[in-house]
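Structure record follows, encoded as structure tokens.
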Amino acid sequence: MPNLIRQASHAERNQNTLMDGQHDTSTFQFKRVDTPDGGVTFRQYRHPGREGVVLDVSVVFDDPLGAATATPAQLLLDLRRRYRRDSGRMGEQRIFQWFLDAHTAVQLASVLILIADTQLQDLDEQPHTTVVAEPEKADFGYNWVRDDMATAATRLEQRKQRSHLFGLVQRCLELCDERRFIQELTLNLAAWAERSGDGYAAQKATSALAQIGLISERTLN
């Protein structure tokens, strides 16, 4: 089980609203800072004059020489409360630190991704920013919509009106074993994507054509 270094007081624990909801949500809330030992820290945005709670997420190593000789890394969640000093300047007080071993950290990450994809869907299709290790993972999760916000309301209404059609197409892709029919369907969808001028649709069409072998994987590079 993860080791809770220090429990916060009751008053501190009640401050459970992080500052990421208090400034422009169109910007990414965490800034990456690489550490000399080979680790990395993602520091949450600090508003220059605002009190609240902030979270820093770090990869740390037990060995002072860093990643080259260290035992498996641990994930550190560092929760701090920002407050105004008597001088008027902003100070920070640690609420608690939480160390998670590698296995627990990965399990927690998978739980958060599942919750984001299934429970935190934004019906207005607000775009989200996510960090990925490789370009191929940029489309991971259907909640990370990158479409034009100006068309979001129209697309959502059309999706509601065509819900049975969406279900039928999905069922066809799951069960249809007629390869030629699937190829013709894909080619027609790809032709529509090219005519539509929708960049997201065109990207999906290219990936779909490569997936069923109608174009070479080299076309994607």
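Figure legend. Inter-residue proximity from the stretch 210-221: first residues surrounded by 10 or more Cβ atoms within 10 Å (Cβ to Cβ), second residues of a type in the set (Ser, Thr, Tyr) and at pLDDT below 85, beta-carbon distance below 7 Å, spacing 6+ or different chains. Indicated pairs: Ala210/Thr219.
Note on the stretch 157-201: residues that are open to solvent by 90 Å² or more (accessible area, probe 1.4 Å) and among the polar types (S, T, N, Q) total 3.
Considering only residues that are touching a helix residue (DSSP H, G or I) at 6+ places or on another chain (Cβ under 6 Å) and either modelled with pLDDT of 85 or more or not assigned by the TED database to the domain that holds Phe96 (or both), look in the stretch 21-79 and name the one that is surrounded by the most Cβ atoms within 10 Å (Cβ to Cβ). The selected residue is Val54.
Scanning the stretch 101-127 for residues that are at pLDDT 60 or above, open to solvent by less than 70 Å² (accessible area, probe 1.4 Å) and not in a helix (DSSP H, G or I) yields a single hit, Asp101.
The values are calculated or read from the model by the stated rules, or taken from the named source; none is laboratory data. Model, not experiment: these values are computed from the prediction. Methodologically, a virtual Cβ is constructed for each residue, glycine included, from the backbone with ideal geometry; neighbour enumeration extends over all protein chains shown. Areas reflect the complete protein model, heavy atoms only, side chains present, ligands, DNA and RNA absent. Shrake-Rupley method; radii C 1.70, N 1.55, O 1.52, S 1.80 Å.
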